[in-house]
Amino acid sequence: MGAPEGSLAEAFAWAAPRLSGLARHPGYHPFGLPDLRAAVADRFTRRGLPTRPEQILVTAGAQQAFALVVSLLCRAGDRVVTENPTYANALDALRHARLRTGSIAVSDAGWDMDIAESTLRQTVPRMAYVIPDFQNPTGALMPPEQRLRLLATTRATGTWLVVDETIADIALDVPAPAPLASLAPRGGADHVITIGSLSKTHWGGLRVGWVRATAKMITELTAVRVSADMTGSVLDQLVALPLMEALDRSLPARLAQLRIQREALVQSLQRHTPEWSWRVPPGGLSLWVDLGEPVSSALAERAAAAGVHIGRGARFGVDPGTFEHRLRIPYTLPADRLDEGVRRLASAFHDGVPLPSAVERPHWVA
Ligand SMILES: Cc1ncc(COP(=O)(O)O)c(C=O)c1O
């Protein structure tokens, strides 16, 4: 196929004339467009995890993938374990499902796997959710021996291990990690469910992600998805198809751009807020900045009033009121906008701007 090299506009142009052919079919593909399932499976296989199309469910992004997995596997009151801090919207999904959340501490220096293992063994959770590749929000990358321990422990405790690979391709300073499930001995990864998406390599607005699991579990997950939204959008999936097939060719340009922006953010922070500290992560899309004082929520509110919307530390904590000394600052904007954002953040931090009146409003982060 003459697949375009990663550009969204080219992918739309490629998809448009093909839509009428697909429109002869009613358009319900609850498992996902067959060609896209095959392309996702193929990429897992090339990354070292042999995968058949029947093991893939195409979803509306990784967040829907996670919500479906939670809905299928967990019941109110079940115990689940996540990293702490972790991806804010995953925590929200667990809270909405009324699950009891235990935690594994992770910092920008990595995981304490001894404590993680004993937490898993003592609490025997139904499910564990991890982001081993450039963890959101810390940017940490889990070393291979820790991945092996996690696989073995969750297998021993009968815990479903949900691996969120949404950021795995954003490998800026290291080779892209192989899928965690590929490290399991043959037949030893049936308890691992891997989720991912095109949101970080391409565009969050595309809403194309996936789940990789056993074919049996994919069938069960698909039954849950049908009860929620019947099927994914055919147009979105058609656009995603050439992007998926060209991903390895388009990635270097995306990574080069992010490296430049990461460096620009570091320089802006050094210039405007030299008293803050951070560790430059080997990949991912943000810095997990230490403010030196527990003011993150107030600062985020003040920054929002100055037009800068930023993820306060507490959004990523399992328990309320934690990580108040941290701010997650993404480097997903061009350098000049990053610098302007940091300048406004710094002035909110140093001078203070009036706190907006206390209105209840959602505080979403991606
Ligand atoms: C770790 C992680 N998981 C899931 C998501 C959600 O991704 P999607 O846009 O594919 O739903 C994100 C987005 O920021 C993320 O960082």
Would you pick out the residues in segment 194-207 that are outside any helix (DSSP H, G or I), over 17 Å from Leu49 (Cα atoms) and within 8 Å of the ligand (Cβ to nearest atom)? Leu198, Ser199, Lys200, Arg207
Pair list, Cβ under 7 Å, 6 or more apart: segment 340-366 residue away from the ligand (no atom under 16 Å from the Cβ), other residue at pLDDT below 80 and polar (S, T, N, Q): none
Output the residues belonging to segment 39-78 that are in a helix (DSSP H, G or I), away from the ligand (no atom under 15 Å from the Cβ) and within 23 Å of Ala246 (Cα to Cα). Ala39, Ala41, Asp42, Arg43, Phe44, Thr45, Arg46, Pro53, Glu54, Gln55
Closer than 21 Å to Thr332 by Cβ and at pLDDT 95 or above: is that true of Val208 in this structure? yes
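Rundown of residues vs (1) within 23 Å of the chain's Cα centre (by Cα); (2) modelled with pLDDT under 95; (3) buried (at least 22 other Cβ atoms within 10 Å of the Cβ), yes/no style:
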{"site": "Ala306", "(1), (2), (3)": "no, yes, no"}
{"site": "Pro320", "(1), (2), (3)": "yes, yes, no"}
{"site": "Phe323", "(1), (2), (3)": "yes, no, yes"}
{"site": "Arg328", "(1), (2), (3)": "yes, no, yes"}
{"site": "Pro334", "(1), (2), (3)": "yes, no, no"}
{"site": "Glu340", "(1), (2), (3)": "no, no, no"}
{"site": "Ala346", "(1), (2), (3)": "no, no, no"}
{"site": "Pro354", "(1), (2), (3)": "no, yes, no"}
List the residue pairs whose Cβ atoms are under 8 Å apart, where the first residue sits in segment 202-219 and is within 19 Å of Ala60 (Cβ to Cβ), the second is within 9 Å of the ligand (Cβ to nearest atom) and among the charged types (D, E, K, R), and the two are 6 or more positions apart or on different chains. none
Between a residue in segment 124-148 that is more than 28 Å from Ala76 (Cβ to Cβ) and any residue that is hydroxyl-bearing (Ser, Thr, Tyr), which pairs come within a Cβ distance under 8 Å, given they are 6 or more apart or on different chains? Thr138/Ser107; Gly139/Ser286; Ala140/Ser107
Does Leu33 fit the bill of being touching a residue at least 60 places away in the same chain (Cβ under 8 Å), among the hydrophobic types (A, V, I, L, M, F, W, C) and either farther than 18 Å from Asn136 by Cα or within 16 Å of the ligand (Cβ to nearest atom) (or both)? yes
Is it the case that segment 131-139 has a residue that's closer than 30 Å to Ile260 by Cα, under 15 Å from the mean Cα position of the chain (by Cα) and aliphatic (A, V, I, L, M)? yes
From (1) modelled with pLDDT of 95 or more; (2) within 16 Å of the ligand (Cβ to nearest atom); (3) not basic (Lys, Arg), pick out the condition that doesn't hold for Asp108. (1)
Any chance segment 262-273 includes a residue that's closer than 30 Å to Leu8 by Cα, basic (Lys, Arg) and assigned to a helix (DSSP H, G or I)? yes
Quick check: anything in segment 252-268 among the hydroxyl-bearing types (Ser, Thr, Tyr) and either in the same structural domain as Tyr28 (by TED's automatic domain parsing) or under 18 Å from the mean Cα position of the chain (by Cα) (or both)? no
Among the residues of segment 73-87, are any among the small types (Gly, Ala, Ser), more than 22 Å from Leu151 (Cβ to Cβ) and surrounded by fewer than 17 Cβ atoms within 10 Å (Cβ to Cβ)? yes
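The values are calculated or read from the model by the stated rules, or taken from the named source; none is laboratory data. Worth saying up front: this structure is predicted, and the values here are computed from it rather than measured. FYI the Cβ positions are ideal-geometry reconstructions off the backbone, even for glycines, and counts take in every protein chain you see.
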